[in-house]
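Let me begin by presenting the structure, written as structure tokens, before commenting on it.
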Amino acid sequence: MKNNLFYGGEVDGFKYTDKEYNRETGSYYWVTTRLLRESGPWPASYIKSPEDVYDLAKDQLDIENCDREHFVAIFLNHKGIVNAAEVISVGGLHSSIVHPREVFKPALLVSAASIILLHNHPSGDPTPSREDIDITNRLIEAGKLMGIEVLDHVVVGYDNYVSLKARGFI
């Protein structure tokens, strides 16, 4: 039973420690991904409204005081309780680069049922840009393919916020 590659065993004359095997035959590796908690635990929060998202961003992430744009994903379980939050991208004064792969990888790792997107505008004006709306729609489409619903995208300014869902952009 333990004579396999996971336990350092041997398969067809190949030992797990044989480094030449990969170069000569083009073999593959088993890859594992592990989830690391970097801080917390934070108190579990129900997210029922954009105001709840804004409160979480203000109180726990302090996102409204960031001098550069931070794009954050908040991952929720099937009951709407926050499982995790992750800064996906840190950009400059005007933008941050966001790719669906970077948003949904941690969503899969924490078994999220849905996500809420969140980012700040360092200018203090939370009015969504055309790029904000476009990336939101792109992430919604990616989420549909993966079975993870994008519930909202909240843009945070100084002491105010805008929900793209409440404004009818999504």
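Readers should treat all values here as calculations from the given coordinates under stated rules, not as data from a laboratory. Nothing here was measured: the structure is a model prediction, and the numbers come from that model. Cβ placement follows ideal geometry from the backbone for every residue including glycine, while neighbour counts extend to all protein chains displayed.
For segment 103-170, build the charge dipole from Cβ charges (+1 Lys, Arg; -1 Asp, Glu) around the Cα centre, then report which of Ala166, Val103, His121 sits farthest towards its positive end.
Projecting each Cα onto the dipole axis, the largest value belongs to Val103.
Calculate one ³J(HN,Hα) per residue across segment 79-87 by plugging θ = phi - 60° into the Karplus curve 6.51 cos²θ - 1.76 cosθ + 1.60, and present them in order as whole Hz with x for glycine and proline.
Per residue, the Karplus-derived 3J(HN,Hα) values read 9, x, 9, 5, 8, 6, 9, 9, 6 Hz.
Tell me, what is the FRET efficiency for Val110 and Lys58 to the nearest 0.05, using R0 = 30 angstrom and their Cβ-Cβ distance as r?
The calculated FRET efficiency here is 0.85.
Starting from the Cα-Cα distance between Arg138 and Glu102, subtract it from 0.36 nm times their residue separation and give me the gain in nm to one decimal.
11.7 nm
Per residue of segment 133-146, what does 6.51 cos²θ - 1.76 cosθ + 1.60 with θ = phi - 60° give for ³J(HN,Hα)? Whole Hz please, x for Gly and Pro, Karplus curve as stated.
Per residue, the Karplus-derived 3J(HN,Hα) values read 5, 5, 5, 4, 5, 5, 5, 4, 5, 4, x, 4, 5, 9 Hz.
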